[in-house]
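Everything on this sheet refers to the single structure shown next.
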Amino acid sequence: NSEDVRCKCICPPYKDHLGHIYNKNISQKDCDCLHVVEPMPVPGPDVEAYCLRCECKYEERSSVTIKVNNVILLA
């Protein structure tokens with residue numbers, strides 16, 4: 001299921017831009033700031049410096065397991 005994978009980038013404040021969390025359903029090989037952060041909040045010359053501050057992690061989950069656990073907990 002495409003909703004069970006995502007890349008999550010946490011970008012701290014940079015210059016006059018507030019910090020932000022970006023999520024995107026994307027493959028593990030493309031899990032980086034340049035592929036996930038859209039729209040890019042900084043102009044071209046600052047993109048590299050901005051992206052170096054971001055922490056991106058690939059995450060997988062099993063929605064079936066989550067649903068089963070919820071049913072068990074509610075029973």
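The values are calculated or read from the model by the stated rules, or taken from the named source; none is laboratory data. What you see is a predicted model, and the numbers here were worked out from it, not measured in a lab. Positions of Cβ are backbone-derived with ideal geometry, glycine not excepted, and every protein chain shown enters the neighbour counts. Areas reflect the complete protein model, heavy atoms only, side chains present, ligands, DNA and RNA absent. Shrake-Rupley method; radii C 1.70, N 1.55, O 1.52, S 1.80 Å.
Which of the residues spanning the range 1-32 are open to solvent by 50 Å² or more (accessible area, probe 1.4 Å), under 16 Å from Cys51 (Cα atoms) and within 8 Å of the chain's Cα centre (by Cα)?
Lys8, Ile10, Ile21, Asn23, Lys24
Of the residues in the range 50-66, how many are farther than 17 Å from His17 by Cβ, open to solvent by 80 Å² or more (accessible area, probe 1.4 Å) and among the aliphatic types (A, V, I, L, M)?
Summing the residues that are farther than 17 Å from His17 by Cβ, open to solvent by 80 Å² or more (accessible area, probe 1.4 Å) and among the aliphatic types (A, V, I, L, M) in the range 50-66 gives 1.
Report, by residue number, each residue of the range 27-70 that is over 13 Å from Lys8 (Cβ atoms), touching a residue at least 24 places away in the same chain (Cβ under 8 Å) and out of contact with any helix residue (DSSP H, G or I) (no Cβ under 6 Å at 6 or more places or on another chain).
Those that are over 13 Å from Lys8 (Cβ atoms), touching a residue at least 24 places away in the same chain (Cβ under 8 Å) and out of contact with any helix residue (DSSP H, G or I) (no Cβ under 6 Å at 6 or more places or on another chain): Pro41, Asp46, Ala49, Tyr50, Arg53, Ser62.
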